[in-house]
Amino acid sequence: MNDSQPVSARGLVKVYGELVAVDHVDLTVEKGDVFGYLGPNGAGKTTSLRMLLGLIRPTEGSIRLFGRDPHVVGAKALEGVAGFVEGPTFYPYLTARRNLRLLAAYDDGDLRSKRSRIEELLELVELRDRGDDKVGGYSHGMRQRLGIAAALLRDPKLLLLDEPTTGLDPAGMRDMRDLVRRLASEGITVLLSSHLLGEVEELCNRVAIIRKGRIVYEGQLQDLLATASTGYRLRSPEPDRARALLLNQPGVREVVASDGALRFQADEDAVAALSIALGQARIGVTALVPETASLEELFLGMTEDEQPRAEEAVA
Amino acid sequence: MIAAVGRIYEWEIAKLLAQKRTYLGLIAATLVPIVFVVVLVLQTGGPNDVPLGRYIRDTGLAVPFVVLFFMSIWGLPLITALVAGDIVAAESHNDTLKTILTRSRDRGQVFAGKVLATLTYTFAVVFALGLVGLAAGSMAWGFHPLTSLSGTKVAPGHGLVLLLGSLLVYFLPLAGIACFGLMLSTVTRNSAASVVGSLMFALLMQLLGVLPGTESVRPYLLGTQFEAWHGFLRTPADWAPVIRAIWVCALYISIPLGAAYLVFLRRDVASQ
């Protein structure tokens, strides 16, 4: 384990009675990562994050945040760490400004300098004009933004965000993603839990996918996408002749007719040879395009029950 | 450590001052003696069968003592439980425990801030009731010498000192109820259950004190300690009930606090 490593979790288990909510989870977030933690609802994402933040005691396993275990050294382990799980929460009967001042009092540091920082952060999340309104009257989106301000008040090196765009309107989602991108560009390591695959594909460089409490993939997003088998789709005005040619073409495998097109597996050289063969056989072609599995297809393949297990799918 | 707890305590007080239930308790504690005095001004009878009751129209100094007696049964326990039973449960209800426990303060510091705020509220309630009772009584019947429980006359200045001492001693069993409420609040995470549970605990303590056959345990019941101030009102002062109240209440305070502390330290902070 390495003191500069923002997150290192090994063999995390959380059992509630008969239910194994988290089952031997290993997670490593390196400095500078925007790490996507993906999984369907109830897969164990939030429980894992709560354990990382010291809110839930693991049944087994170890956690290090910058080399410190929050379940051993307590709040000291959260130095340089901020974020929220299951949406940010505040005291509804206090104003946003007072909520932030309260949280500043729960942090280390000089309260006077925090006051000006609070104003900057309210400006950043576009809540300065509503800073004296009670949070009880805030919309979901405003609370999410206030949650970001509360996290940044700690000047974090690691930001843990659990579903930060859930419940936001499209403009709010875009603004939140822009903010996360900007924070990451400023050097903040981000651990982002989400079930929105587009969001993870857009923001993250590394991902972990959790299914029924178990990690089924952890690694570079690009490596995951590269594991997807590449297929091709062919459309022709003479599908029967085209199919007969495909079945006899060297290097072409798994030919399937679906949705008025022929789908098959082949490498690039075989596809180049196929295009020449189709021309020589005077078979017209209206489309011959590669089809790469999206993150969504990979994700569904790894997390849906009827699909093969991830290890098998990725292997 | 002390500075950190101080910062948390300050905000726990600020949170209490931003909630209606705090004012409900404080207003009830100040209204009761005023209503009591107004009723006695309008009527001819009086609470002759309670300590100092027969002297209530002699001096405003007698009013807070008599009101303290009546309020010990369920009034002040309920007012105390309103806040004590809510102080941790409200964090669970609003799901804000995760917000404050992911900052830079350890759980023990957060717990200490909450205990201090609860005891401050309890202290404020007792003194608000006592001092408003004194003011209302003095306006109605003047600030004259007080007749002690031994029948001797006590000068108003000395009577005031005795009242302040009595309020301090009276605070102790109420702090016991506050800590019991705080324990329920921590364990059940349910405000209503904690308020009702604390009140039931206070009533049970009173009930045990009047049941036949409980004479041997009576001196150690929490309800009995609400009468410890009688020792100050005797000539010479009888310190035995006061000293007993101090150590008995220390147990009633420390046992639930210890249990609540352990639960708070180890609990999983998951959504409700």
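The values are calculated or read from the model by the stated rules, or taken from the named source; none is laboratory data. Predicted model only: the values in this text are computed from it and were never measured. Please note: Cβ atoms are built from the backbone with ideal geometry, for glycine as well, and neighbour counts cover all protein chains shown. These accessible areas exclude ligands, DNA and RNA; they are computed on the full protein's heavy atoms, side chains included. Shrake-Rupley method; radii C 1.70, N 1.55, O 1.52, S 1.80 Å.
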With the range B:34-105 as the region, which helices (runs of 4 or more DSSP H) entirely inside it contain at least 2 residues that are touching a residue at least 24 places away in the same chain (Cβ under 8 Å) and either within 17 Å of B:Ser166 (Cβ to Cβ) or away from chain A (no Cβ under 14 Å) (or both)?
B:62-71, B:75-84
What number of residues in the range B:221-264 are within 14 Å of chain A (Cβ to nearest Cβ) and either modelled with pLDDT under 95 or open to solvent by less than 50 Å² (accessible area, probe 1.4 Å) (or both)?
1
Can you confirm whether the range A:186-196 contains a residue that is more than 30 Å from A:Thr227 (Cβ to Cβ), away from chain B (no Cβ under 14 Å) and without any contact (Cβ under 8 Å) to a residue 40 or more places away in the chain?
yes
Is there any pair linking a residue in the range B:200-221 that is closer than 14 Å to B:Phe180 by Cα to one that is among the aromatic types (Phe, Trp, Tyr) and open to solvent by less than 50 Å² (accessible area, probe 1.4 Å), with Cβ under 7 Å and at least six apart or on different chains, and which?
B:Phe201/B:Phe180
Under 20 Å from the mean Cα position of the chain (by Cα) and either open to solvent by less than 10 Å² (accessible area, probe 1.4 Å) or away from every other protein chain (no Cβ under 12 Å) (or both), is that true of B:Thr22?
yes
Please work out which one of (1) surrounded by fewer than 19 Cβ atoms within 10 Å (Cβ to Cβ); (2) within 14 Å of another protein chain (Cβ to nearest Cβ); (3) of a type in the set (Ser, Thr, Tyr) is the condition A:Tyr106 fails and give its number.
(1)
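Tell me yes or no: at least one residue of the range B:147-154 is basic (Lys, Arg) and free of Cβ contacts under 8 Å to residues at least 40 places away in the same chain.
Of the residues in the range B:147-154, the ones basic (Lys, Arg) are B:153.
Next, only the ones that are free of Cβ contacts under 8 Å to residues at least 40 places away in the same chain stay: B:153.
Within the range B:147-154, one or more residues are basic (Lys, Arg) and free of Cβ contacts under 8 Å to residues at least 40 places away in the same chain.
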What's the number of the condition A:Val271 fails, among (1) open to solvent by less than 50 Å² (accessible area, probe 1.4 Å); (2) within 27 Å of A:Leu197 (Cβ to Cβ)?
(2)
Residue hits (the range A:228-264; part of a loop (DSSP other than H, G, I, E, B), closer than 27 Å to A:Glu296 by Cβ and of a type in the set (Ser, Thr, Tyr)) are A:Ser229, A:Thr230
Would you check which residues across the range A:220-237 are touching a strand residue (DSSP E or B) at 6+ places or on another chain (Cβ under 7 Å) and either at pLDDT below 90 or open to solvent by 10 Å² or more (accessible area, probe 1.4 Å) (or both) and list them?
A:Gln220, A:Leu221, A:Leu224, A:Ser229, A:Thr230, A:Gly231, A:Tyr232, A:Arg233, A:Arg235
Taking the criterion of being at pLDDT below 85, open to solvent by 20 Å² or more (accessible area, probe 1.4 Å), out of contact with any Asp or Glu (no Cβ under 9 Å at 6 or more places or on another chain) and farther than 30 Å from A:Asp169 by Cα, would at least one residue in the range A:238-259 satisfy it?
yes
Qualifying position, being at pLDDT below 95 and open to solvent by 10 Å² or more (accessible area, probe 1.4 Å), among B:Gly157, B:Gly209, B:Gly165:
B:Gly209
Please determine, by comparing only the residues of the range A:29-78 that are among the basic types (Lys, Arg) and open to solvent by 30 Å² or more (accessible area, probe 1.4 Å), which one is nearest to B:Leu101 (Cα to Cα).
A:Lys76
Go through A:Glu119, A:Glu126 for me and flag whichever is assigned to a helix (DSSP H, G or I) and either small (Gly, Ala, Ser) or out of contact with any strand residue (DSSP E or B) (no Cβ under 7 Å at 6 or more places or on another chain) (or both).
A:Glu119
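Which of the following residues is under 25 Å from B:Val263 (Cα atoms) and touching a Ser or Thr at 6+ places or on another chain (Cβ under 9 Å): B:Gly159, B:Gly181, B:Gly209, B:Gly176? I'd like the intermediate steps shown before the answer.
Values: B:Gly159 fails: under 25 Å from B:Val263 (Cα atoms); B:Gly209 fails: under 25 Å from B:Val263 (Cα atoms); B:Gly176 fails: touching a Ser or Thr at 6+ places or on another chain (Cβ under 9 Å).
Checking each option against the conditions leaves just B:Gly181.
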Scan the range A:84-99 and tell me whether some residue there is at pLDDT 95 or above, touching a Phe, Trp or Tyr at 6+ places or on another chain (Cβ under 6 Å) and at the interface with another protein chain (Cβ under 7 Å from one of its Cβ atoms).
no
